[in-house]
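What follows draws every value from the coordinates through simple rules; no lab data is involved. What you are looking at is a predicted structure, and each value in this text was computed from that prediction instead of being measured.
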């Protein structure tokens, strides 16, 4: 570890956690799969409830991407279970993924999820972990702003596409204003490679070249974007 909290590119620290589905060891129990760990300020709060319903309704989308979900807050297992029961009874939505109980804030502290103004509330953090247990993305949202779950799905599709094609993903992918759903070729490392680059790929210049992406992944990402925009 190079910092006081995990950083992008580092392995998630090994942490045993108590969840509503039993004890888990991070990241070992999720090796071979992608994992989204997301913290919420507290159980039985309105914005957090809308987020959990949104995650639950998209659970099959995450499963299709070989991705597991894991919630977390500084609440007890008892509180989590009662809240999940309330959501099922009142909102007719079943929460299919486990929630970490962290009443002493130990896990939240290790992952940098504690709120500066409150030691009893976690921020809305999102950690996206790859199948090797490496942190690939970290997002933070304020307490008053609920997360866009479809954007998290788009990010996972984009990172999986990047890994598969050994390429970078442009802004607003797969609807980039310059290259559409193409992907960005890694920078040239030698003079000769820079010369050959413009012969091999579609380029604005030798340092800005792109190649075809994955049409299937692009369409999957567009589906999430349409849903986020309220268009089916």
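Translational diffusion of the chain, estimated by Stokes-Einstein from the Kirkwood radius over alpha carbon pairs at 25 °C in a medium of 0.890 mPa s, is 128 µm² per second. Quick one: angle between helix 191-200 and the longest Cα principal axis of the chain, in degrees between 0 and 90, rounded to 10, please. Rounded to the nearest ten degrees, it is 90.
Taking the DSSP bridge list for the chain and keeping only pairs wholly inside it, about 75 percent are antiparallel. Pairs of Cα atoms in the range 186-232 fall into 5 Å distance bins, from 0 up to the last occupied one, in shares of 5, 20, 18, 11, 10, 12, 11, 7, 4, 1 percent. All C-alpha pair distances within the range 123-170, sorted into 5 Å bins from zero, spread as 5, 18, 26, 25, 14, 8, 3, 1 percent across the bins.
The calculated 222 nm mean residue ellipticity attributable to helices in the chain amounts to -10500 deg cm²/dmol, summing -39500 (n - 2.57) over DSSP H runs of n ≥ 4 and dividing by all residues.
Compared with the dominant Cα axis of the chain, that is its longest principal axis, helix 77-91 is turned about 80°.
Using the 2.2 N^0.38 Å rule of thumb for compact globular proteins, work out how the range 21-144 stacks up: its C-alpha Rg over that value, please.
1.00
Tell me the angle of helix 46-57 to the major Cα principal axis of the chain, expressed in degrees between 0 and 90 and rounded to the nearest ten. Between helix and principal axis, roughly 60 degrees.
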